[in-house]
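The values are calculated or read from the model by the stated rules, or taken from the named source; none is laboratory data. Being a predicted model, the structure only gives us computed values, none of them experimental. Ideal geometry is used to build each Cβ from the backbone, glycine not excepted, and the neighbour counts take in all protein chains shown.
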Amino acid sequence: MPKQITPDMHVGDPIHHWHIEEYEQHDRSGWWYLLMSVLAIGCFLYGIATNNFMFSLIIALVAIIFYLQHHQKPLSLDFKITDTGVIIGSKFYPYAELDVFYIVYAPPEVKTLFFETSSGLRPNIDIPLLNYDPVEIRETLLEFLTEDLEKEKEPLSKTFARNWRMH
């Protein structure tokens, strides 16, 4: 579990440091909003027609979340790789809580560093590399973590979300 950073906490010396956004803000066209609105209304009405009110409620909540997210700018977070763990914003992830890392580098679409956590209940952590050298980041992380060389592509959920401009 990540630890909230306190002033007296030792988080190690930073080796790499850059700023990331809390989530990727996509430019969505009017056609995207029209298509998603029609799809959401259709799914909502289908849920009502089949007495599946929970499905309709979930569709309505997702639509509200997309609306609110569109009108909010993502927070800028500090990302640091230190000699004792990884810092994302005000959270510290010690290397003991991270199992492996892997880098998916297929510019210009995908330049991402992934961490898999030891807990099966927490999702993977993905960090955009932006314009940083993936080889240098990889060499640094190999000192502390194992690299999963079998993973060459980003998770399907990330590909889907990026292609459909979901998050």
Report the residue count in the stretch 8-33 for those that are under 14 Å from residue 164 (Cβ atoms) and either in a helix (DSSP H, G or I) or acidic (Asp, Glu) (or both). 5
Filter result for the condition that a residue is loosely packed, with under 15 Cβ neighbours inside 10 Å, small (Gly, Ala, Ser) and without any contact (Cβ under 8 Å) to a residue 40 or more places away in the chain, over 56, 29: 29
Within the stretch 135-148, identify whether any single residue is surrounded by 11 or more Cβ atoms within 10 Å (Cβ to Cβ), assigned to a strand (DSSP E or B) and assigned by TED's automatic domain parsing to the domain that holds residue 81, and answer yes or no. yes
Restricting attention to the stretch 149-167, and to residues there that are surrounded by 13 or more Cβ atoms within 10 Å (Cβ to Cβ) and basic (Lys, Arg), which single residue is nearest to residue 127 (Cα to Cα)? 158
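Quick grid of which residues meet (1) of a type in the set (D, E, K, R); (2) modelled with pLDDT of 90 or more; (3) in contact with a helix residue (DSSP H, G or I) (Cβ under 9 Å, 6 or more places away or on another chain):
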position	(1), (2), (3)
125	no, yes, no
145	no, yes, yes
153	yes, no, yes
157	no, no, no
Output yes when any residue across the stretch 42-52 is farther than 30 Å from residue 131 by Cα, in contact with a Lys or Arg (Cβ under 9 Å, 6 or more places away or on another chain), without any contact (Cβ under 8 Å) to a residue 40 or more places away in the chain and not assigned by TED's automatic domain parsing to the domain that holds residue 143, and no when none is. no
